[in-house]
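Here the structure is laid out as structure tokens; the discussion comes afterwards.
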Amino acid sequence: MGKQRIIYMDHSATTYAKKEVVDAMIPYFTQHFGNPSSIYGIARESKTAIDTARAQVAKALGADPNEIYFTSCGSESDNWAIKGVAYANRKRGNHIITTKIEHHAVLHTCQFLEKEGFVVTYLPVDRYGRVDPADLEKAITDKTVLVSIMYANNEIGTIEPIRELAEIAKRHKVYFHTDAVQAIGNIPIDVKAQNIDMLSLSAHKFYGPKGVGALYIRKGIRIENLIHGGGQERKKRAGTENIAGIVGCGKAIELATVDIEGHNARIRAMRDRLLKGVLEKIPYARLNGHPTERLSGNFNVSFEFIEGESMLLWLDDEGICASTGSACTSGSLEPSHVLLATGLPVEISHGSLRLTLGDANTEEDVDFVLEVLPKVVSRLRDMSPLYQKSAKDGGSHV
């Protein structure tokens, strides 16, 4: 398609695996390949590697190593936390609280449990995507067994008041789970200080390998197993361990949390320059998500009178990797449930663009996007009858 360069600005979807991570993993594909469940030498080497990675993840979260359980991904961790607590505590209550803007790994799990007789409350959010702690307080009943609220939203980047929300759950003696898949490496986390009972993460979001995640489960939590079979992960999660992936997860989280403040400063500076340039150059545009309480690399802007799908295709033709709030690429014509929950009209939600910056980006990338994106939006609007009409009327929905 004539692309001269690739500009990757979809770090919230996935990240590349850093060289240090790959280097740490390679020996466990070839040299140290023993099954950790066995007792001979090369098996013990594998077990030691897993123990090291467990300690690395625990240190990053302020947890104890025996509270970390490795999984295949963030979605599995979410499923295990929610189903596990629901089934183990069913005699105590059948009420779960979550929000309208969760990742589908949480929403679809809760919808599944509703078919099993559980009652789920989906908390609203404000126009920035933030949960009001007072709404959580009001929603808790004597039947509530779990609150699951994401740490930071994957689409609009809004960071939730997790410490305050978790404190409310603790006060009512209700378990608190957070999907922190987008937060690791972007926000300092201390599960003990923040009263978090369970936390989900996925290595490929912080420059680790795909196919490995983890679930922090505070000691003493009543939770059923999601996968049955062997005695792996202290008899909590059956299945032969993904040793190389686990090693990569440990190394990646160590690298991602060593200097969060410095990392954020660099990424935020690029993001802010990009946002300023876009809002100055493109009319009928608005920022989605909280203006300050948001992930440092998240840029989510809605442009009136165009479709996000078309915008993505044109950007891809220029070598720019991005995503949109419209789910057309997955076979759905529905706009983003997150944007709708913030009160954004359907027609504007369809014209949203998410650019998420990370370690793959440079100032030159920002310059290129600021050169290309206004032209793409202008071309698409030139083909829009609604835009032509609005230009005559001088109106805007934003």
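Things to note:
- Net charge contributed by nearby residues that have their C-beta within less than 9 Å of His177 (K/R +1, D/E -1): -3
- Residues whose placed amide H lies under 5 Å from that of Ser384, excluding near-sequence neighbours: none
- Taking other residues whose beta carbon is less than 11 angstrom from the beta carbon of Asn195, and scoring Lys, Arg as +1 and Asp, Glu as -1, yields +1.
- Cβ charges +1 (Lys, Arg) and -1 (Asp, Glu), total dipole of the chain, debye: 1080 debye
- Annotation note: GluC sites (Glu not before Pro) in the range 54-139 located in DSSP loop regions with a Cβ neighbour count of at most 13 within 10 Å are Glu116.
- Sum of side-chain charges, Leu287 neighbourhood, beta-carbon under 15 Å (Lys, Arg +1; Asp, Glu -1): +4
- Restricting the range 275-304 to trypsin sites (Lys or Arg not before Pro) that sit in a DSSP loop and have at most 16 other Cβ atoms within 10 Å of their own Cβ leaves nothing.
- Solvent-accessible area, 1.4 Å probe, carbon plus sulfur percent, for the range 176-219: 52 percent
- The modelled label-to-label distance for the pair Ile39/Arg268, using points 7 Å beyond Cα in the direction of Cβ, is 5.4 nm.
- For the range 162-217: rounded, prolate or oblate by the Cα gyration tensor [a/c cutoff 1.5]: prolate
- Trypsin sites (Lys or Arg not before Pro) restricted to DSSP loop in the range 1-81 with at most 10 other C-beta within 10 Å: Arg5
- FRET efficiency estimate (nearest 0.05) - Cβ-Cβ, Phe368 to Ala88, R0 41 angstrom: 0.20
- Euclidean distance between Cα centres, the range 117-164 to the range 51-86, Å: 21 Å
- Seen through its C-alpha gyration tensor, with square-root eigenvalues sorted a ≥ b ≥ c, the range 1-62 comes out oblate because a/c lies at 1.5 or above while a/b is not bigger than b/c.
- 16 Å Cα-Cα reach of Lys143 towards aspartates and glutamates, excluding residues that sit fewer than 8 places from it in its own chain: Glu114, Glu116
- Here the spin labels are modelled as points 7 Å beyond Cα on the Cα-Cβ line, and at Asp132 and Leu386 they lie 2.9 nm apart.
- Average accessible area per residue (Å²) across the chain - probe 1.4 Å, nucleic acids and ligands excluded: 43 Å²
- Cα gyration tensor shape for the chain, rounded if a/c is under 1.5, else prolate or oblate: oblate
- Model label sites at Lys170 and Lys19, defined 7 Å from Cα along the beta-carbon direction, differ in position by 4.3 nm.
The values are calculated or read from the model by the stated rules, or taken from the named source; none is laboratory data. None of the values given here were measured: they were computed from a predicted structure. As a convention, Cβ positions derive from the backbone with ideal geometry for all residues, glycine included, and neighbour counts pool all protein chains shown. Just so you know, the surface numbers come from the protein's heavy atoms only, side chains and all, with ligands and any DNA or RNA stripped out. Shrake-Rupley method; radii C 1.70, N 1.55, O 1.52, S 1.80 Å.
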